[in-house]
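Take a look at the structure below.
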Amino acid sequence: MSVGEERMTCGPLDPGTALSRPRSGGEQQRRLDAQWQYESGRRRSGLAAARQAVAALPALAMGARWGGRRTPRGGLRLSEAHLALMAASLVCSAVVVYVCWKQLPPLPWASSVPPRRVSVLLWWEPFGGRHRAKRPHPDCRLRFNISGCLLLTDRAAYGEAQAVLFHHRDLVRGPPDWPPPWGVHVRPLEEQQVLMDDEEEAAEALALAASGPRPPGQRWVWMNFESPTHSPGLQSLAGNLFNWTLSYRADSDIFVPYGYLYPRTHPNEQPPGLVPPLARKQGLVAWVVSNWDERQARVRYYRQLSQYVTVDVFGKGGPGQPLPDVGLLHTVARYKFYLAFENSQHLDYITEKLWRNAFLAGAVPVVLGPDRANYERFMPRRAFIHVDDFPDASSLAAHLQFLDRNPAAYRGYFSWRRSYAVHVTSFWDEPWCRACQAVQMAGDQPKSVPNLAGWFQR
């Protein structure tokens, strides 16, 4: 058998290998030429079909490498099985994307539909503000980027409101305030008569009576920013009376903390005032306190701490001195440390004493409140000093004095400011607007709070 015949009896040609034209002559050469033309024709027809299929896939027609060898014209040499597999993959991917997209909540940037308009009635201006001069309602869109809010204080609009806010302290205060809507049914007749003697209250009573009972779908929101220790009357509130809770507690239906940290847009940039000039800090420890009670843990701890380090106290009661005319923040800014001592210790009860008095003034907060783990849910570990980190007040005093002598160690408590900025909640405008936002985002699912006292006092 000649070399040419041996080549002709080999197995099928590799489709990826070009045929070479034999170089022998005579009859054998003619047979080889015929065979070469036959194989070339088969190869051209197969490639044409494949190219027609591949042309339907733009990414493949561009000659992108995807498991096959590129041809001179930029296509892919793929079998029908490969093409079918790719088509099935594309269909599956489209189905997955569609299903996942349908599961996402509405995204503000993904829809041009404006939020639905919501009316929220504030039943009392908190802490008796209803007898003060009326203040303008906040512009939720301008101040908090919340559109579609109609904020009301006129109780005649009770029947039109999608939500009604009840501030706890005013809720349990009793006469001479006109009771909330359900009070007409639970207060004795003599108390109702006392209320009706006031012309203003009588007008409100008539407006409420005209509105009838709670409108369908209206949400009653219990609002409170005091700790359980300073929230009397919780047990007197009936179960399932309120639909939502609004408070500083992270597990509230509407969570509005006293403050929070948010990421900076350009964390690598050094913001102005990242580390306050140490030369301006003439004092070591400051404390501003308005409610002095020797029974409180914060006062007892102050008594111990002041034996080892000087603490300048400002405010009413106790050893406090009046705040200078420059105000609280400018006064605290002159000190390296600030005692952010809460009046009671409860879950998530971290107030403006830390967010405003310490953080905004540029002092390192020394905290007494919930445990360290609770604080670390809302801020970095090195943003504060916790009294629980030390076995006693003398050890804490020694640590503060060490930081006073070591500027580099002291500056370490400001490193988090490169990545985060401080937001301090604006009372009472922000809770009001957040309640409106919550109504806009909520569905129509019914909900009530079965045991308000049990939840809040735990």
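The values are calculated or read from the model by the stated rules, or taken from the named source; none is laboratory data. Bear in mind that the values here come from a model prediction, so they are computed numbers and not experimental data. Please note: Cβ atoms are built from the backbone with ideal geometry, for glycine as well, and neighbour counts cover all protein chains shown.
Cβ separations smaller than 8 Å between residues 6+ apart or across chains give the following pairs from region 429-457 residues that are under 24 Å from residue 237 (Cβ atoms) to residues that are in a loop (DSSP other than H, G, I, E, B) and among the basic types (Lys, Arg): 456/249. The residue of region 323-352 that is nearest to residue 457 (Cα to Cα), among those that are touching a residue at least 24 places away in the same chain (Cβ under 8 Å) and charged (D, E, K, R), is 348. Number of residues in region 365-381 that are surrounded by fewer than 23 Cβ atoms within 10 Å (Cβ to Cβ) and touching a residue at least 40 places away in the same chain (Cβ under 8 Å) equals 5. Taking region 131-152 as the search range and keeping residues that are at pLDDT below 90 and not small (Gly, Ala, Ser), which one is surrounded by the most Cβ atoms within 10 Å (Cβ to Cβ)? Checking each candidate, the answer is 138. If you go through region 297-327 and pick out every residue that is at pLDDT below 95 and either outside any strand (DSSP E or B) or under 21 Å from residue 275 (Cα atoms) (or both), you end up with 12. Going by what's in this entry, would residue 371 be described as over 26 Å from the mean Cα position of the chain (by Cα) and modelled with pLDDT of 95 or more? No. Taken residue by residue, region 410-422 has at least one member that is more than 27 Å from residue 283 (Cβ to Cβ), in the same structural domain as residue 294 (by TED's automatic domain parsing) and surrounded by fewer than 20 Cβ atoms within 10 Å (Cβ to Cβ). Which residue, of 444, 388, is in contact with an Asp or Glu (Cβ under 7 Å, 6 or more places away or on another chain) and more than 25 Å from residue 125 (Cα to Cα)? From the options 444, 388, the qualifying one is 388.
Taking the criterion of being more than 30 Å from residue 458 (Cα to Cα), at pLDDT 75 or above and not acidic (Asp, Glu), would at least one residue in region 173-191 satisfy it? Within region 173-191 (the criterion being more than 30 Å from residue 458 (Cα to Cα), at pLDDT 75 or above and not acidic (Asp, Glu)), the answer is no, since none of the residues qualifies. Residues of region 279-305 that are of a type in the set (Ser, Thr, Tyr) and surrounded by 17 or more Cβ atoms within 10 Å (Cβ to Cβ): 301, 302.
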